[in-house]
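These notes concern the structure reproduced below.
The values are calculated or read from the model by the stated rules, or taken from the named source; none is laboratory data. Computed from a predicted model, the values in this text were never measured in an experiment. Every residue, glycine as well, gets a Cβ built from its backbone with ideal geometry; the counts of neighbours run over all protein chains shown.
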Amino acid sequence: MFTLHHSFATDVPQGVLEQTPDPAPAPALVVFNETLAAQLGLPLDVLRTNGAQWFSGASWPASATPRAMAYAGHQFGGFSPVLGDGRAHLLGEIITPQGARFDLHLKGSGRTAFSRGGDGRAHLAPMLREVLISESMAALGIPTTRALAVATTGRDVLRDGGLKRGAVLARIAASHIRVGTFEYFTSRGDAGSLRALMDHTLARHYPNAEKSAFGLLDSVIAAQSRLIAAWMGVGFVHGVMNTDNMALSGETIDYGPCAFLDAYDEDAVFSSIDHSGRYSYGMQPRILAWNISRLAQSLLPLMEGDETQVIDAANARLDGIAGIYRTQWRAVFARKLGIDVPTSADDALIEGFLPLIQGADFTQSFRALQAAKADGARLSALIPLDRRARLEGWLAQWRARVLQSAGQGDLNAVNPAAIPRNHMVQAALDAAEGGDMAPFHALLEHLQNPFAPEAGREAYALPAPTGYGRYTTYCGT
Ligand code: AMP
Ligand code: MG
């Protein structure tokens, strides 16, 4: 038995269109995340038998109704009133034995009414890339959509002037409700659907919040501030923080041109199309506020009361984002430094560390802190000579602060050794395209154990070799 539910389609019927996935002539299961399937309480035997068919879109379970979801979005600041799932199908919702509800969604499964000029497809490497990065995020403890499976379709896809193997990703998400979903109904003037969407989102993600537009706005501000602070703590650059790629659930969604920092640099950009640096590492907290402003604007028709008071109240929420984010940021970085119960008095210590590691490997620098409690040599070796005296001064202050902290815990349990290094990801994807999945599976295993000791897997903890060059990621994959 494999039962899917359809609460979104029932509650917000104007938000979906029934659309069927493209046929897959020769479906084959390439990745099946049995650990995740088991955590979700899914029937493993049924999925082992049907996975190639169901996860490629060749066929679907009897309880599924494939649908494309409608949404709008601000892309690089410009508004598109109709985007929607142009290459994705929501099959339905899983309810776990614990009662949690998750979307089961296919990406790369063919054209829909929202495809515009696109082919509705995906090829293998970008879908495997999403598996590596989203599973890494999950293991790092960061809210994220998950990768359940990747299936090849047996249909080639034209990309970069060549034919590539077509593939579909089966994705699990708390929901696929985006800031752009709200923008869609507001821009159409469909107040009834907007209210239904708000009620559905509150019931699904924030059952304890006040049942109002402000209750939802406050909840999303809290969840997204926590999320972006967590990204900053691992050096994650999403790359395309458009409002259609920001989930109301507070999960990281849509792994396109994302990448992790090697060298620490607030201005780091990896995406080939982000010429202005709008979505650089250091801009992410500002874009958080910008996107939440779009959400607030979309919710205005649902904010009841005197217009002046409503606008003042909405603006007060927006003004509050910086402080809420700051508290989350402090919590993340204080934890990385081993400081318990941080206060704003710790900000100077945190902010004193970052310039010291400018241009040095972000992940390794934090990973060296555990040893630096006793001996700063490993950390010192990562940074330029002319900064090392300043580092000694900082270390003395830091040690004094950490000694006061009850948190004498192991910082290696907080600061990861293994992140999806761009050069390792690329090597695994190149091998997979050539038919060799071994490097992919080896890398995935390390990413699923990010905090384990480096011994025996040193290569996974090292930055790209010098001369690797600037890493660039691409959209429209
Ligand atoms: P993304 O950049 O993946 O967030 O997608 C932005 C919009 O483009 C969404 O509406 C997608 O559904 C659509 N899109 C992306 N790739 C394709 C494709 N190959 N075919 C059709 N639509 C696509
Ligand atoms: Mg998207």
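Restricting attention to the stretch 266-285, the residues that are of a type outside the set (A, V, I, L, M) and buried (at least 16 other Cβ atoms within 10 Å of the Cβ) total 9. The residue list A417, A432 contains one member that is under 21 Å from G359 (Cβ atoms) and either at pLDDT 95 or above or within 27 Å of the chain's Cα centre (by Cα) (or both), which is A417.
For the stretch 109-126, filtered to residues that are within 8 Å of ligand 1 (Cβ to nearest atom) and among the small types (G, A, S), the residue that is surrounded by the most Cβ atoms within 10 Å (Cβ to Cβ) is A122.
Under the condition of being surrounded by fewer than 14 Cβ atoms within 10 Å (Cβ to Cβ) and touching a residue at least 12 places away in the same chain (Cβ under 8 Å), which residue from the stretch 64-78 is nearest to the chain's Cα centre (by Cα)?
Selected residue: F76.
Taken over the stretch 203-252, residues that are within 16 Å of ligand 1 (Cβ to nearest atom), under 28 Å from D11 (Cα atoms) and either part of a strand (DSSP E or B) or without any contact (Cβ under 8 Å) to a residue 60 or more places away in the chain (or both) amount to 3. Scanning the stretch 67-93 for residues that are touching a Gly at 6+ places or on another chain (Cβ under 8 Å) and either more than 15 Å from ligand 2 (Cβ to nearest atom) or more than 25 Å from A26 (Cβ to Cβ) (or both) yields M69, A70, Y71, A72, G73, H74, F79, S80, L83.
Residues in the stretch 291-309 that are of a type in the set (A, V, I, L, M, F, W, C) and surrounded by fewer than 17 Cβ atoms within 10 Å (Cβ to Cβ): how many? Walk me through it before giving the result.
Taking the stretch 291-309 first, the residues of a type in the set (A, V, I, L, M, F, W, C) are 292, 295-296, 299-300, 302-303.
Of the ones still in play, those that are also surrounded by fewer than 17 Cβ atoms within 10 Å (Cβ to Cβ) are 300.
The number of residues fulfilling the criteria is 1.
H105 meets the conditions (1) part of a strand (DSSP E or B); (2) away from ligand 1 (no atom under 14 Å from the Cβ); (3) under 20 Å from the mean Cα position of the chain (by Cα) in every case but one. The failed one is (2).
Against the definition (at pLDDT 95 or above, within 16 Å of ligand 2 (Cβ to nearest atom), in contact with a strand residue (DSSP E or B) (Cβ under 9 Å, 6 or more places away or on another chain) and more than 20 Å from R87 (Cα to Cα)), how does S249 come out, yes or no?
Yes.
Of everything listed in (1) within 16 Å of ligand 1 (Cβ to nearest atom); (2) under 29 Å from L132 (Cβ atoms), the single unmet condition for Y184 is (2).
Determine which member of the set G41, G15, G51 is within 27 Å of the chain's Cα centre (by Cα) and without any contact (Cβ under 8 Å) to a residue 60 or more places away in the chain. Write out each step before concluding.
Numbers: G15 fails: without any contact (Cβ under 8 Å) to a residue 60 or more places away in the chain; G51 fails: without any contact (Cβ under 8 Å) to a residue 60 or more places away in the chain.
G41 is the lone residue from the list that is within 27 Å of the chain's Cα centre (by Cα) and without any contact (Cβ under 8 Å) to a residue 60 or more places away in the chain.
Scanning the stretch 79-102 for residues that are away from ligand 1 (no atom under 14 Å from the Cβ), crowded, with 19+ Cβ neighbours inside 10 Å and either aliphatic (A, V, I, L, M) or in a helix (DSSP H, G or I) (or both) turns up L91, I94.
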